[in-house]
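Heads up, the thing below is written out as structure tokens.
Each reported figure results from applying straightforward, stated rules to the coordinates on display, with no laboratory input. Computed from a prediction, not measured in an experiment: that's the story for all the values here. Here the Cβ is made from the backbone with ideal geometry for all residues, glycine too, and neighbour counts use every protein chain on show.
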Amino acid sequence: MHELSIVKDIFSTLEEHYEAKVEDIQKIQVTAGLLSNVQPVLIQNAFDAFIADNLIYRDMELEVVVNDIIAHCHSCDKDFKVEYHRFVCECGTPSTDIVQGNELYISKVIFKQSL
Ligand SMILES: [Zn+2]
């Protein structure tokens with residue numbers, strides 16, 4: 001399952017970066033571009049399955065933010081939003097020069113508040 005390997009990658013990155021403090025993470029936010037081939041529902045399911053198997057992460061939450069596709073028009077030298085997979089600027093010039101939409105990254109990590 002594609003999404004499960006993404007979730008495992010996310011946890012490897014967190015463990016590398018935060019080491020033992022990973023256990024103190026309350027919530028992570030992952031940003032996925034519409035072109036990154038990540039289904040928010042599937043990644044949420046994979047995340048839930050992963051934390052169910054890894055008790056130290058059991059209370060962690062995940063939020064998936066989806067980014068629009070933005071392409072650059074070289075005629076107008078402007079960025080435009082791609083809707084319905086129509087890679088055409090409002091001036092009529094087609095462009096597949098993607099500036100946003102392929103990304104998949106951890107955009108936020110929130111730690112538990114110590115009481
Ligand atoms: Zn244009």
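Take every DSSP beta bridge with both residues inside the chain and express the antiparallel ones as a percent of the total, to the nearest 5.
Details: 16 of 23 bridges.
Around 70 percent of the beta bridges assigned by DSSP in the chain are antiparallel ones.
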Mind checking the angle between helix 40-53 and the chain's longest principal axis? C-alpha axes, 0 to 90 degrees, to the nearest 10. 20 degrees
Tilt of helix 2-18 relative to the longest C-alpha principal axis of the chain, in degrees (0 to 90, nearest 10)? 70 degrees
In 10 Å bins starting at zero, report the fraction of Cα pairs in the chain per bin as a rounded %. 13, 37, 24, 16, 8, 1
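Could you work out [θ]222 nm for the chain from helices alone, using -39500 (n - 2.57) per DSSP H run of at least four and dividing by all its residues? Round to the nearest 500 deg cm²/dmol.
On the way: 2 runs with 31 residues, N = 115.
-9000 deg cm²/dmol, from helical runs alone.
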Estimated inter-spin distance, GLN26 and GLN44, nm [label 7 Å along Cα→Cβ]: 2.0 nm
Using only alpha carbon pairs under 8 Å that are at least six residues apart, calculate the relative contact order of the chain and give it in whole percent. 35 percent
